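One structure is given below, represented as structure tokens, and several questions about it will come after.
The values are calculated or read from the model by the stated rules, or taken from the named source; none is laboratory data. Fair warning: this is a prediction, and the values are worked out from it, not measured in the lab. All Cβ positions, even for glycine, are placed from backbone atoms using ideal geometry, and neighbour counts span all protein chains on display.
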Amino acid sequence: MKFGLQINRFDWSGAPDSIGPKLAEIAGTAEAAGFDSLWVMDHYYQIDPGLGSKDDPMLEAYSALNFIAAVTERVRLGVMVTGVVYRHPGFLIKQVSTLDVLSGGRANFGIGAAWYWQEAKGLGFPFPSTSERFEQLEEVLKLAKQVWAGDFSPFEGKHYKLEAPINSPQPITKPHPPILIGGEGEKKTLRLVAQYGDACDLFATNGVASAAKKLAILRDHCEALGRDYDEIEKTVLGPIDLSSDGLSPSEAVDEIGQFAEIGIQHYIISIPNVSEIEPIERFGREVRSKF
């Protein structure tokens with residue numbers, strides 16, 4: 001089992017002055033504690049309701065990851081997950097490629113169809129219908145595969161037209177940064193994972209039975225498309241709270257073990273009190289070490 005840490009809030013004491021030093025401390029501690037990957041969200045507003053208020057501090061994802069790349073050496077880095085509506089695909093591919101080059105080949109490409117319409121409306125981003133966003137998502141996946149394969153010929157889709165999608169330098173990671181497609185939609189999202197993805201991302205909060213059902217549906221899509229199901233990394237995302245009000249380490253080990261039994265290979269956690277640092281160390285010492 002691999003483990004990732006998603007950093008999903010920056011409303012730490014002393015912000016904004018404290019954000020840079022604290023983020024560096026969190027990233028360095030997580031790497032030392034044995035985490036395999038670090039992730040940030042792709043939001044411009046904090047998720048409200050859910051994680052805080054709309055006007056809580058929120059960093060732009062790829063700027064934050066390039067910063068984290070400079071203070072770490074080993075962990076893979078990704079956005080959990082980029083909303084397709086927030087960047088033109090030519091620019092997005094360039095951002096991911098740049099992260100991969102500057103980090104020495106440690107970028108992951110997390111992407112999804114986006115859902116947080118309030119921030120899009122508030123900041124003036126287009127937010128088309130669900131069906132159109134999924135069309136855009138598939139075009140971006142096709143374009144990324146084309147460009148990262150070294151094909152810079154014109155791309156013409158329904159939503160995007162690029163006359164010369166040159167991408168230099170290309171990523172260090174070969175054949176390309178692993179593509180993680182976020183979401184659990186059974187008809188569209190999991191089909192896109194089977195066709196284009198290197199990893200899926202399910203929600204641990206929905207439970208083991210739900211994750212098992214989604215994996216079975218993913219397997220069916222793979223069979224229909226002739227894709228090897230075992231090529232796709234199976235991940236889940238969920239909170240792990242080891243505070244006095246949360247899980248004990250043994251309970252966390254048991255919960256994660258249940259996901260491992262159904263085939264989950266990469267458990268990405270968020271820690272509510274991550275800025276206190278000790279919970280990261282405790283997870284590494286008392287949970288990560290058991291796998």
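Kindly indicate whether any position in the range 120-133 is closer than 22 Å to GLY4 by Cβ, touching a strand residue (DSSP E or B) at 6+ places or on another chain (Cβ under 9 Å) and crowded, with 18+ Cβ neighbours inside 10 Å.
Residues of the range 120-133 closer than 22 Å to GLY4 by Cβ: none.
No; the residues of the range 120-133 include none that is closer than 22 Å to GLY4 by Cβ, touching a strand residue (DSSP E or B) at 6+ places or on another chain (Cβ under 9 Å) and crowded, with 18+ Cβ neighbours inside 10 Å.
Would you point out the residue of the range 199-249, among those that are among the acidic types (Asp, Glu) and surrounded by fewer than 19 Cβ atoms within 10 Å (Cβ to Cβ), that is nearest to SER270 (Cα to Cα)?
ASP241
I need every pair where a residue in the range 100-129 that is touching a residue at least 40 places away in the same chain (Cβ under 8 Å) has its Cβ under 6 Å from the Cβ of a residue that is surrounded by 13 or more Cβ atoms within 10 Å (Cβ to Cβ) and among the acidic types (Asp, Glu), sequence separation at least 6 or different chains.
Close Cβ pairs satisfying both conditions: ALA107/ASP100.
Look through LYS94, LYS22 and report the one residue that is of a type in the set (Lys, Arg) and either within 13 Å of the chain's Cα centre (by Cα) or under 21 Å from PRO272 (Cβ atoms) (or both).
Exactly one of LYS94, LYS22 is of a type in the set (Lys, Arg) and either within 13 Å of the chain's Cα centre (by Cα) or under 21 Å from PRO272 (Cβ atoms) (or both), namely LYS22.
Across the range 235-291, what is the total count of residues that are assigned to a loop (DSSP other than H, G, I, E, B) and out of contact with any strand residue (DSSP E or B) (no Cβ under 6 Å at 6 or more places or on another chain)?
15
Look at the range 48-65 and say how many of its residues are in contact (Cβ under 8 Å) with a residue 24 or more places away in the chain and buried (at least 19 other Cβ atoms within 10 Å of the Cβ).
Of the residues in the range 48-65, 5 are in contact (Cβ under 8 Å) with a residue 24 or more places away in the chain and buried (at least 19 other Cβ atoms within 10 Å of the Cβ).
Are any residues in the range 162-192 in contact with a strand residue (DSSP E or B) (Cβ under 7 Å, 6 or more places away or on another chain) and either assigned to a loop (DSSP other than H, G, I, E, B) or polar (S, T, N, Q) (or both), and if so, which ones?
Scanning the range 162-192 gives PRO165, PRO171, THR173, PRO177, PRO178, GLY183, GLU184, THR189.
Which one of VAL96, VAL101 is within 17 Å of VAL147 (Cα to Cα) and either among the charged types (D, E, K, R) or surrounded by fewer than 18 Cβ atoms within 10 Å (Cβ to Cβ) (or both)? Break it down into steps so the answer makes sense when it comes.
On the way: VAL96 fails: either among the charged types (D, E, K, R) or surrounded by fewer than 18 Cβ atoms within 10 Å (Cβ to Cβ) (or both).
Step by step, each of VAL96, VAL101 is checked, and only VAL101 is within 17 Å of VAL147 (Cα to Cα) and either among the charged types (D, E, K, R) or surrounded by fewer than 18 Cβ atoms within 10 Å (Cβ to Cβ) (or both).
With the condition being polar (S, T, N, Q), I'd like the helices (runs of 4 or more DSSP H) fully within the range 11-116 carrying at least 3 qualifying residues.
Working: elements: 19-32, 61-71, 89-102.
It comes to 89-102.
Let me ask something else. Any idea which of (1) closer than 21 Å to GLY105 by Cα; (2) free of Cβ contacts under 8 Å to residues at least 24 places away in the same chain is the one LYS161 doesn't satisfy?
(1)
Mind telling me which of the residues ALA224, ALA204 ends up being farther than 20 Å from ILE111 by Cα and touching a residue at least 12 places away in the same chain (Cβ under 8 Å)?
ALA224
Can you tell me which of (1) closer than 13 Å to GLY104 by Cα; (2) of a type in the set (Ser, Thr, Tyr); (3) out of contact with any strand residue (DSSP E or B) (no Cβ under 8 Å at 6 or more places or on another chain) is the one THR72 doesn't meet?
The single condition THR72 does not satisfy is (3).
Which one of ARG76, ARG87 is without any contact (Cβ under 8 Å) to a residue 12 or more places away in the chain and crowded, with 17+ Cβ neighbours inside 10 Å? I'd like the intermediate steps shown before the answer.
On the way: ARG76 fails: without any contact (Cβ under 8 Å) to a residue 12 or more places away in the chain.
Among ARG76, ARG87, only ARG87 is without any contact (Cβ under 8 Å) to a residue 12 or more places away in the chain and crowded, with 17+ Cβ neighbours inside 10 Å.
In addition: Only one residue in PHE155, PHE109 is surrounded by 18 or more Cβ atoms within 10 Å (Cβ to Cβ), aromatic (Phe, Trp, Tyr) and more than 21 Å from the chain's Cα centre (by Cα), so which one is that?
Sole residue among the options that is surrounded by 18 or more Cβ atoms within 10 Å (Cβ to Cβ), aromatic (Phe, Trp, Tyr) and more than 21 Å from the chain's Cα centre (by Cα): PHE155.
Regarding ALA114, is this residue on the phi > 0 side of the Ramachandran plot, buried (at least 16 other Cβ atoms within 10 Å of the Cβ) and hydrophobic (A, V, I, L, M, F, W, C)?
yes
Being at pLDDT below 95, within 21 Å of ASP11 (Cα to Cα) and of a type in the set (S, T, N, Q) is the filter here, so list the residues in the range 223-273 that pass it.
SER243, ASN273
State whether the residues of the range 184-199 include one that is farther than 26 Å from ILE232 by Cβ and either touching a Gly at 6+ places or on another chain (Cβ under 9 Å) or modelled with pLDDT of 95 or more (or both). Working first, answer last.
Within the range 184-199, the subset farther than 26 Å from ILE232 by Cβ is none.
No, every residue in the range 184-199 fails to be farther than 26 Å from ILE232 by Cβ and either touching a Gly at 6+ places or on another chain (Cβ under 9 Å) or modelled with pLDDT of 95 or more (or both).
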